[in-house]
Structures are given as structure tokens and as C-alpha cells.
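Asker: Quick one: structure below, then a few questions.
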Amino acid sequence: MAAAPDTVPASVASPAADAAAAGSPQTGTFTVKRGLADMLRGGVIMDVVTADQAKVAEDAGAVAVMALERVPADIRAQGGVARMSDPELVEGIQRAVTIPVMAKARIGHFAEAQVLQALQVDYVDESEVLTPADEANHIDKWAFGVPFVCGATNLGEALRRIGEGAAMIRSKGEAGTGNIVEAVRHLRAILGDVRKLTQADPAERYAWAKQLGAPLELVREVADTGRLPVPLFCAGGIATPADAALVMQLGAEAVFVGSGIFKSEDPARRARAVVEATAHYTDPDILVKVSRGLGGAMPGLEVATLEQRLAERGW
Amino acid sequence: MVRVGILALQGDVAEHRHALVDAGAEAVLIRRPADLDGVDGLVLPGGESTTVSMLLDSSGLAAPLARAVRDGMPMFGTCAGMILLASSAEDGRPDQRLLGAIDIRVRRNGYGRQAQSFECDVAIDGIDGAPVHAVFIRAPVVVSAGPGVDVLARLPGPEPGTGAAPVVCRQGQVLVSAFHPELTADRRLHQLFLSMIGARSGAGPGVAALVGG
């Protein structure tokens, strides 16, 4: 590429990106996919199940919404197979708001992803919150022009997803619990290993790649740059403004809030408070102000008592 | 050294910081009014303009920024930053705050959704050498530019047959681009902005020294 973006690693540049030199405009390149993730930094992406909720989220300052039929807390409570949303629901939410609209596809369900791409959603979340469609293979995300976000619990998983073409990584956390402990574990695991890898001798990187089960080129890149090749967001269990500030201080670059907003007592106020807390995550004075009198948070679940751990889906 | 503030409420703040430091400036993050002290110029990054607009109000930065615009502080807005600096906007929210620093009318997401986001080369007046590689992410379209605005670059607009739309504009101390120069390694637009600050304060290097390379 003529002016290769320094923020986009050559190792994960797609064939389409290579063709995006001088001349006609190129859509769907890795630069363009990753670019939207960069624009969402410092923001809050909220799960919504209706157009009205999407409006509430936009009014509160969400940078994007995730359109789905049931929030994770309800999927957990009601059980059954959780699938991609009805296109009509996605379209209704797209009409209701001007901010980006994301939607979830099942792990490995590339046909659902094709539907979401045809709907022109702005990001596809290949999500463990839905029931996996393929227990061995994730979606080949290079085959798509729409960008993908994928969950990860550790560095190896994150780099495997990036190797498959994901342009954004989020912690899995334990969705639908309102319990931040798993998201903290995943962020610390990912970022802790990034820090260790930067200390590794060049000869040790091969063993790191083997141990992580991750592409060597991406392992080298993390070792050289000290960061993931794509933005790292946090998801899974965020229920309060302080939860958002916690994960941002740990190194997340933006937050997804699933059940935490619309399963709380006063969604509009809580949504706004989480947005403010994410923007001002190092400012305890602002956290005090926005946390005061928010009403009840979502009830929450103890992770140790769960029958189904969603974070164990995917590999 | 020129000290440039970056509005750091939401968006790709880190990329602008890298770009400004590469281009030879000191970069400071602006989250509350006191952060503006001693700043020679201000960058408004890409992000979600409705979110940033809301946070401008709650952080108390809206009034100081309006004052800085009146005082002629040099400003550089990219994408969402361009919307915030514009005098009017279509398809925004009714309560969306615009600083009115440059006489342009913009349409939010004018190029469409992410599926229509694109990258391409753009020739920019005043920037010598190879064209600038430009990354457009759900970009706003400049619908019209007032007589006092210099249009430095144009590209075919989103709708076929409606002619070219401005993608880089300048009016006095204010520079805007519909795309994201901070997402590539080319620092020439940031250098142009630093030369605008230098010309105003008389402290920095001239345009030729900065933009020539």
C-alpha cells in the first residue's frame, strides 16, 4: 500500500487491503474494518432488544447498539437455542438510530453472518452468548466485508480470532450475570500475557506461539508492539459505572453493556451514567456524581453456581 | 514546542496523539476545562459525534470551547470532529452541539453505513508530493461550503451524478477533513495544522519547512 497505516499490522492485512492502493475507492478492507473499532474507543456499546431501547441508548450517549432478541440474562433464564435476530428487528433498530448497529451471529454460523452483512449491520459479533453452530470452526472472517468482533478469554484465543480476520476483540466475561469477575479475569489474562510476551527473547517467541496456539506472525507483532493488533474492548458482566471505570483502568478501550442497562431499575439514567464513567474513568469525582442514586442494578448471579458458562463456548 | 490539546472524551484519541508527536508537537488530553490552559491549538478526533456532543455538555467543556473558537484558537477536526466544528448539520440529533467554527454544512453518515466505508488516495491543495491516502469511516459529507471556506480537496460524492464533495476544508485557523489522517502513517495534514498554529503564534516553523517533506 502506498501509505501503509502504521496502526494496521501487515501480518493481518487482508488481500483486499493490499489492493487498496492508488485509484478507486476500496471498501471492506482491514483498515476500514479496524477503523470503525478505533472510532468506538472510549465509548459504550449497549445491548437493545427493541427500537425504543435503541433510542434510549442513543439518547444516553451510546456509541453503538447491539441488536438482539433477548439480552443474555434472559437467554440464560429461558434457555433454548439462541440464534441470530430476526432481520425485521435489526432493520427496525437501524431505522430508529443514527449510531452504528451491531448484531450477533452464532459461532461458526457463516450463513447468519451473510444475512447480517446483507442487512448492512455495521459490525457482526460472532458471539458465545448465542448457541454455537460449529464446535470446531469459527467463521472465516476474511471472507466478509463487514467487520467482526469476537470474544476471548486469553491471549491465544484473541490472536486466533484475529488470525481468522476479527477486527476487534472483546473479553467474554460471563454474559448475563451482572458479575464483573470473569471479565476482569479475561482482561488480566490477555494483557498480562501481552506484557510478558514483550519481555520474551526472540528465540522464545516460537514456544510462545506453540503454547498460545496462535499464529507466529501475530505473536511476533504483539511482542514488538506491546499491544494487540486490534482494539480490545470489555464485555460480560458490566452493571455499574464503577464496573466500567474498573475495566477501562485495567486496559479495556471501550465497554459493551449487555443486560446491565435494561435489566436495571432506571435504564436511561444508568445508561447515561455508564457513558460518563467510561469517558471519565480516571476521575473518581465524576464517578461519585454519576453513581449516586441510580436505583437498583440488575440482580446479578454468582458465577460459581452457574449451570452454563457461556465463556467456555468457542476455543 | 507547540502544545496541542486533543479533545479526549471519546474516539480515536490515541491515534491523533501519535500523529501529533510524530509531527513534532507536544500532545495533551483534554477532558475538563482546566486541561485547556496553555494549549496552542486543539484537535477534535474521530468518534461518535452525538456521544461527544453530550459529553461536551456534561464535562463543562462546551462553553470554554465556544470561547476558544471565538478567540481564534487553531482547530483541526476529523470526521466526527469536522461535524462538531461545522456551522450546521443534517441527520444529526436536534440537541447535537455544533461549534460553528467553519462555515460548512455537513450530513452525518453521508457516505452511508460501515458497508460503504472506504479508503482511497486524495490530492490535497497545499500538500506536495504523493496524494494522501484517506480512510473514510461512516464519514460525513460536506453538503455546502460558504464563500470564506477554502476547499483543499474533493472526491466524488456518495450519490452518483451530484458532483464532487469537499473532503478537506480550511477557513482561517480551522482545518477539517471528512476522513481520518490519524489512521495512516502520513503526517502531512497534521504538519499542515501545526504550521497553522506556528503562523499564528510566530513560534513554530513555517509551512514550507513542515509540509515540504
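Asker: Give me the number: length gained by fully extending A:T131 to A:E204, i.e. 0.36 nm times residue separation minus the C-alpha to C-alpha distance, one decimal in nm.
Answerer: 22.6 nm
Asker: Averaged over its residues, how many other protein chain Cβ atoms are within 10 Å of peptide B:71-80's Cβ atoms?
Answerer: Mean partner shielding for this stretch: 0.
Asker: Give the long-range amide H neighbours of B:V174: residues separated by 5 or more places, or on another chain, with amide H under 5 Å away, using H modelled in the peptide plane at 1.01 Å from N.
Answerer: Distant-sequence amide H within range of B:V174: B:M75.
Asker: I want to verify the translational diffusion coefficient of chain B in µm²/s; compute it with Stokes-Einstein, Rh as the Kirkwood radius over Cα pairs, at 10 °C and 1.306 mPa s.
Answerer: Stokes-Einstein gives a translational diffusion coefficient of 94 µm²/s.
Asker: What's the exposure ranking of A:W315, A:W208, going from fewest to most Cβ atoms within 10 Å?
Answerer: Neighbour counts put them in this order, fewest first: A:W315, A:W208.
Asker: Taking the Cα centre of chain A as origin, sum charge times position over the Cβ atoms of Lys and Arg (+1) and Asp and Glu (-1), and report the length of that vector in debye to the nearest 20.
Answerer: I would put it at about 380 debye.
Asker: Related question: How much of the calculated P(r) for chain A lies past 24 Å, in percent of all Cα pairs?
Answerer: Distances greater than 24 Å cover 50 percent of the Cα pairs.
Asker: Inside 10 Å of the C-beta atoms of B:134-141, what's the mean count of C-beta atoms belonging to other chains?
Answerer: 4
Asker: Going through the cross-link list A:K104/A:K263; A:K33/A:K196; A:K33/A:K289; A:K55/A:K263; A:K141/A:K172, which pairs have a Cα-Cα distance over 26 Å in this structure?
Answerer: Listed pairs above 26 Å: A:K33/A:K196; A:K33/A:K289.
Asker: Then there's this: Roughly how many debye, to the nearest 20, is the charge dipole of the protein assembly as shown about its Cα centre, given +1 on each Lys and Arg Cβ, -1 on each Asp and Glu Cβ, and no other charges?
Answerer: Here the protein assembly as shown has a charge dipole of around 560 debye.
Asker: So, one more: Say we join alpha carbon atoms closer than 10 Å with springs in a Gaussian network model of chain B; which of B:R105, B:R32, B:R70 then has the biggest fluctuation?
Answerer: B:R70
Asker: What does the structure give for A:244-256 when I average, per residue, the other chain Cβ atoms found within 10 Å of the residue Cβ?
Answerer: Across A:244-256, the average partner-chain Cβ count within 10 Å equals 0.
Asker: Give me the net charge for the shell around A:L301: Cβ to Cβ below 9 angstrom, other residues only, Lys and Arg +1, Asp and Glu -1.
Answerer: So the surrounding residues net to -1.
Asker: Right, something else. Helix A:216-225 versus the longest principal axis of chain A: what is the Cα-based angle in degrees, 0 to 90, to the nearest 10?
Answerer: Approximately 70 degrees, to the nearest ten.
Asker: In the protein assembly as shown, what % of DSSP beta bridges are antiparallel (nearest 5)?
Answerer: 30 percent
Asker: Round to the nearest 10 and give me the degree value, 0 to 90, for the angle of helix A:241-250's Cα axis relative to the longest principal axis of chain A.
Answerer: 20 degrees
Asker: Next question, about the same structure. Treat the count of other C-beta atoms within 10 Å as a stand-in for reagent exposure and order A:K141, A:K210 from fewest to most.
Answerer: A:K210, A:K141
Asker: Specify which residue in the list B:F179, B:A89, B:L152 is farthest towards the positive end of the charge dipole of the stretch B:87-197, using unit charges on the beta carbon of Lys, Arg (+1) and Asp, Glu (-1), about the Cα centre.
Answerer: The one lying farthest along the dipole's positive direction is B:A89.
Asker: Here's another thing I want to ask about it. Determine the sum of side-chain charges near A:D266: Lys and Arg each +1, Asp and Glu each -1, restricted to other residues whose C-beta is under 14 angstrom from that of A:D266.
Answerer: +3
Every number here is computed from the coordinates shown, using simple stated rules; none is lab data. All of these numbers come straight from a predicted model, not from anything done at the bench. As a convention, Cβ positions derive from the backbone with ideal geometry for all residues, glycine included, and neighbour counts pool all protein chains shown.
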